[in-house]
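Heads up, the thing below is written out as C-alpha cells.
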Amino acid sequence: SALGVDELAVKYIGTSKGLSILKGDQWDEFYGRETEEILSEYRISSIAIAQNGYIYAATEGGGISRFKYTDAISGATTFNLPWSSGLPSQNVYAAITDGNAQWYGTDGGVAYHSTEKAKEDWTTYTRENGLICDTVYAIAKDPSGNVWFGTHKGVSKLTGDKWQNYTVKEGLVDNKVNAIAIDTDRSVWFGTDHGISHFTADGKWVN
C-alpha cells in the first residue's frame, strides 16, 4: 500500500501485515514501536523520508510511526493522540518531508511538523484557515515553495500564508484528488476519480 526509497537505496514497503525493509538482499520487518505496533494493526498509507534519516510511515487509524534504519531499527516512536496534540487525526492519508520537517494530510485537516519533537512545533490547517476540505489525500511541494493539497472536494494551494482553491468550476476534471505530482517545468498533475488534470506552467487546465 506504500513505497519509499532512501538515499542508500533501502526500500521501505508497506503491506497489510507490517512494513518490509529491503537493503541489498537483506530483508527486515518492522511493526512500529514495541508497545504500539501500529504498522501491523492499521493500513500503511504513505512513507516519507527526511534528510536526517528518519523514516515516517503514516497509517489510517494509528497515526505515524517514525524510526531510523541502518542495519537495524533505532529511534522508534509514534506520533499519535493525545501525545502529538498538533496532529488533527490519527487517520493519515498522505505524508511528505520538507527537509527534516513533515506535512501530513488527514481527515481532520493538514498538520505541519517542523522539528523532531513529538509533542512540540505542530501547526494545523483546516477549512477555518482556508483549506478547501479537511479530508486530504495527497500533498506535494513545488520548487517555488507552494504546497499543494489534494482533497475530497478539490485542490488547495498554500503560498506563505495565502490560500488558493481549485475545483471543477476552475477547470479540475473531478473534485476528489488522490495524487499530485510536480513536473520538471513546474506544472502540476492531479490524479482524480475521473481522470487526470494538468495545471500547466502558464496557468491553464488540460484534462
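The values are calculated or read from the model by the stated rules, or taken from the named source; none is laboratory data. Quantities reported herein were computed from a predicted structural model and do not represent experimental measurements. Cβ sites come from the backbone with ideal geometry, for glycine too, and all protein chains shown count toward neighbours. Side chains are part of the model used for accessible areas, which takes the heavy atoms of the whole protein and leaves out ligands, DNA and RNA. Shrake-Rupley method; radii C 1.70, N 1.55, O 1.52, S 1.80 Å.
The table for this structure:
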| read-out | value |
| --- | --- |
| Neighbour net charge for THR200 - beta-carbon separation under 15 angstrom, K R +1, D E -1 | -2 |
| Residue-level accessible surface for LYS23, protein heavy atoms, 1.4 Å, Å² | 70 |
| Under-5 Å amide H pairs with THR106, H placed in peptide plane, nonlocal only | TYR93, ALA111, VAL136 |
| Gyration tensor (Cα) of segment 58-127, equivalent ellipsoid semi-axes in angstrom | 20, 13, 11 |
| Average projected area [Cα convex hull, segment 1-72], square nanometres | 4.3 |
| Surface accessible to a 1.4 Å probe, ARG43 within the full protein complex, Å² | 120 |
| Per-selection Rg to Rh, segment 94-163 - Cα, Kirkwood hydrodynamic radius | 0.94 |
| Calculated P(r) tail over 17 Å for segment 134-175, as whole % of Cα pairs | 28 |
| Charge dipole of segment 56-207 about the Cα centre (unit charges at C-beta), most positive-ward option of THR184, ILE64, THR151 | THR151 |
| Residue of HIS152, HIS194, HIS113 that the Gaussian network model of the chain assigns the largest fluctuation, springs spanning Cα pairs under 10 Å | HIS194 |
| Table column - 3J(HN,Hα) (Hz), segment 186-199, Karplus curve with 6.51, -1.76, 1.60, x for Gly and Pro | 6, 6, 10, 10, 10, x, 10, 5, 10, x, 10, 10, 10, 8 |
| Long-range HN-HN contacts of SER45 with modeled amide H, under 5 Å | ALA58, THR59, GLU60 |
| Highest-fluctuation residue, GLY75, GLY61, GLY32 considered, GNM on the chain with Cα pairs under 10 Å | GLY75 |
| The chain: most fluctuating residue of SER40, SER89, SER16 per GNM, C-alpha cutoff 10 Å | SER16 |
| Cα convex hull of the chain - mean projected area over all directions, nm² | 11.4 |
| Surface per residue (accessible, 1.4 Å probe) for the chain, Å² | 48 |
| Positive-end residue, the chain charge dipole about Cα centroid, Cβ charges, pick of GLY108, LEU81, SER40 | GLY108 |
| Under Karplus coefficients 6.51, -1.76 and 1.60, residue-wise ³J(HN,Hα) of segment 21-35 in Hz, glycine/proline x | 10, 10, 10, x, 10, 9, 9, 10, 10, 8, 10, x, 3, 3, 8 |
| In order through segment 56-61: 3J(HN,Hα) via Karplus (6.51 cos²θ - 1.76 cosθ + 1.60), integer Hz, x for Gly, Pro | 10, 10, 8, 10, 9, x |
| Only Lys, Arg (+1) and Asp, Glu (-1) charged, at Cβ; the chain dipole about Cα centre in debye | 400 |
| Long-range amide H partners of ASP98 with built H, under 5 Å | TRP103 |
